[in-house]
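J.: Please read through the structure below; I'll follow up with questions.
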Amino acid sequence: MLEVACSRCERHGRLSVGKLIKQHGTDAKLSSLREVLAGDCPRVGAAIYEQCGVHYPQLVRLWRGEPPQRTLKRHRALAGTVLL
């Protein structure tokens, strides 16, 4: 699953990577899919400072070197337990 969110509004969701590849091909670039993934957002064709803020949070976290969300949740859950 690919996490997609907007930095300008509360839109967010997850898309199937397999379906994206099936619909747009293996050569499709995420940067070129921004308008498609933004869907019916009224900011898609706006001026540069008002454009839709669609982005991929999980990819940003990976780029920063942060562990995936599932790993973070697991570590947080384990932090509260005492292992003997």
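J.: State whether the residues of the range 29-42 include one that is within 17 Å of VAL60 (Cβ to Cβ), in a loop (DSSP other than H, G, I, E, B) and in contact (Cβ under 8 Å) with a residue 24 or more places away in the chain.
T.: Yes, some residue in the range 29-42 is within 17 Å of VAL60 (Cβ to Cβ), in a loop (DSSP other than H, G, I, E, B) and in contact (Cβ under 8 Å) with a residue 24 or more places away in the chain.
J.: Keeping to the range 40-57, report how many residues are β-branched (Val, Ile, Thr) and surrounded by 14 or more Cβ atoms within 10 Å (Cβ to Cβ).
T.: So the count comes out to 2.
J.: Still on this structure, please answer the following. Here's a check for you: in the range 1-31, which residue that is closer than 25 Å to GLN51 by Cα and hydroxyl-bearing (Ser, Thr, Tyr) is modelled with the highest pLDDT?
T.: SER16
J.: For the range 9-23, what are the residues that are surrounded by 15 or more Cβ atoms within 10 Å (Cβ to Cβ) and either in contact with a Gly (Cβ under 7 Å, 6 or more places away or on another chain) or assigned to a helix (DSSP H, G or I) (or both)?
T.: LEU20
The values are calculated or read from the model by the stated rules, or taken from the named source; none is laboratory data. As the structure is a computational prediction, the values presented were derived from the model and not from experiment. When we count neighbours, we look across all protein chains shown, and the Cβ atoms used for this are built from the backbone with ideal geometry, even at glycine.
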